[in-house]
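**Q** Pasting in a structure now, in structure tokens, and then I'll have a few things to ask.
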Amino acid sequence: MDGSLAVRPGRTAVSVAGRRELVAGAVGGIVESFDWTIYAVLAPFFASQMFAGDDGLTDLLAAYAGFAVGFVVRPMGSYLLGRIADVRGRRFALVVSMGTICLGSLLIAVLPTAATIGVAAPVLLVLLRALQGVAMGGENPSVAAYITETAPPHRRFLYSALSYCGAFIGNVLCFAVVGGLLLVMGRQGVVDGGWRIGFVVAAVFGILAFWVRNGAAESEEFEASKRAAGPRPKTIAHARNMLAVFLMTTGTTVGVYFGTVYLPEYAAKAGVVHSAATNLEMIPSLLALIAAMAVSGLLADLFGGMRVFRTGALLLAVGTVPLMTALAQGWLPVWAVATCYLVLGVAPTTAVANVLYSEVFPVQVRVVAMGVPFTLAVALFGGTFPLIAEALAAFGSLTAVPWIAAGTAVVTLLGTLVLKR
């Protein structure tokens, strides 16, 4: 499963259609990542309005807990929408998930504050995040299967990388929007209601993605599997590879959330920066990450996906603590640390993961078998990471955060030994 699979019959003229389907997959990544990043980045601004605690720290921890809830429910969403994707089709599931994510953003944008409706404000906010979490739980696994089944056989890892780039394009757009809001409105203006603009933008992106996906074609490989006779394979029969996906996702998801979501806050907690420029400073690093993703996909198609994946995981394991120490000590600026961390560690692992995971499961159960362990790892380790990091910082243990990230990268390396290719 290292990118050397034989060409499937009937897939030699896939290039044009493959590009169309690539766009349909990538736009969802843009919307999904924009949604979960905009919540995390804006949490310090809306926490005092939506969570009426006794102090700012309590409000922020509650807001990050709401962020985590959106991930706790992802495994359930992965199973529910995964079943839809495996039975009704990839495109149908992708349209459903995008419509739900878009609706959640729009409702958050107009949600009254705690001062207006009391405790109902945080309750409704968490429920809306949970609804989005269910939809997001089926999003990435469905895209992974869709891209794996529609990409040119000799370019699967490149297409995987390009589709996942949508997630980081969403990050770039998010930091640009938040940075722009802070520069134009100031911190207090964003706190006083400017944060809602971020969720309005998320809803607009969602509407555009819904339109693109609604006109996309279904996977030919999925259609062929529906026509084929024979018993449906049991998902539990693939327990070993499901365990491998869980372990391999553990360190990669922490790397993604540390590098793209929490790093600005980590830099602020370390006393390195204290300005709106932090969000804008992340943009060049994320653009470098996108370029590195494409290069990683090309290298995986040439030399094998597992080699590229292991290289990235190893660099995350050995490089995280030195990089974050250099940041905290002021030896390196935020942009340099972010760029090294994202390009050398995050890019090689995330670029190839979708295809690397998908190809080891049969078409009939691919989305559920890949999606449940993937989203479970994201929920346990990725979605909770900002909350755990913030709690450690509150108790004076900020230096433990990089060690946690490095430790999960070691787990990812061990997971590659479990995967049966």
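**Q** With N set to the number of residues, divide the alpha-carbon radius of gyration of region 123-254 by 2.2 N^0.38 Å and report two decimals. Walk me through the numbers on the way to the answer.
**A** Numbers: Rg = 19.5 Å, N = 132, 2.2 N^0.38 = 14.1 Å.
It is 1.38.
**Q** Now, a different point. Pick out, from ALA409, VAL204, ALA161, the residue whose Cα sits farthest towards the positive end of the charge dipole of the chain, with +1 on the Cβ of Lys and Arg and -1 on the Cβ of Asp and Glu.
**A** Checked the options; the winner is ALA161.
**Q** Specify the angular offset, from 0 to 90 degrees and rounded to the nearest 10, of the alpha carbon long axis of helix 74-87 from the longest principal axis of the alpha carbons in the chain.
**A** 30 degrees
**Q** Quick check on region 256-347: what are the equivalent-ellipsoid semi-axes from the Cα gyration tensor, as sqrt(5λ), descending, whole Å? Numbers along the way, then the final one.
**A** Values: eigenvalues 135, 39, 15 Å².
Over the Cα atoms of region 256-347, the semi-axes work out to 26, 14, 9 Å.
**Q** Length gain on complete extension for the stretch THR116 to GLN329, per 0.36 nm per residue less the alpha carbon to alpha carbon distance? Kindly include the intermediate steps, with their values, before the conclusion.
**A** Numbers: separation 213, 0.36 × 213 = 76.68 nm, distance 4.37 nm.
Stretched out fully, the THR116 to GLN329 stretch lengthens by 72.3 nm.
**Q** Here's a follow-up. Dipole of the chain, Cα-centred, from +1 at each Lys and Arg C-beta and -1 at each Asp and Glu C-beta, to the nearest 20 debye?
**A** Values: 26 positive and 20 negative charges, 278 e Å.
Value, rounded to 20: 1340 debye.
**Q** In addition: So if I restrict to the alpha-carbon atoms in region 329-414, what is the Rg, and what is Dmax, the biggest pairwise distance, in Å?
**A** According to the Cα coordinates of region 329-414, Rg and Dmax are 16.1, 52 Å.
**Q** Along the Cα→Cβ direction, 7 angstrom out, place labels at ALA400 and LEU124. What is the inter-label distance in nm?
**A** 3.7 nm
**Q** Next question, about the same structure. Taking the alpha carbon gyration tensor of the chain, what are the square roots of 5 times its eigenvalues, largest first, to the nearest whole Å?
**A** Values: eigenvalues 226, 119, 70 Å².
For the chain, the ellipsoid semi-axes come out as 34, 24, 19 Å.
**Q** Given a 1.4 Å probe and every protein chain left where it sits, what share in percent of the accessible area of region 282-355 is carbon and sulfur? Mind dumping the intermediate values first?
**A** Numbers: 2060 of 2670 Å².
Looking at region 282-355 in its full context, I get 77 percent from C and S.
**Q** Per the helix-only calculation at 222 nm, which mean residue ellipticity applies to the chain, given -39500 (n - 2.57) for every DSSP H run of n ≥ 4 and division by its residues, nearest 500 deg cm²/dmol? Intermediate results must be reported in sequence, preceding the final value.
**A** On the way: 18 runs with 322 residues, N = 421.
Dividing the helical sum by the residues of the chain leaves -26000 deg cm²/dmol.
**Q** Where a ≥ b ≥ c are the square roots of the eigenvalues of the C-alpha gyration tensor, would you call region 182-331 rounded, which needs a/c under 1.5, or, failing that, prolate if a/b is larger than b/c, or oblate?
**A** Taking the square roots of the gyration eigenvalues as a ≥ b ≥ c, region 182-331 is oblate.
**Q** For the chain, what does the accessible surface come to per residue with a 1.4 Å probe? Please give it in Å².
**A** Working: 15560 Å² over 421 residues.
Result: 37 Å² of accessible area for each residue.
The values are calculated or read from the model by the stated rules, or taken from the named source; none is laboratory data. Small disclaimer: the values here were computed from a predicted structure and weren't measured. FYI the Cβ positions are ideal-geometry reconstructions off the backbone, even for glycines, and counts take in every protein chain you see. Please note that ligands, DNA and RNA were not included when accessible areas were found on the heavy atoms of the full protein model with its side chains. Shrake-Rupley method; radii C 1.70, N 1.55, O 1.52, S 1.80 Å.
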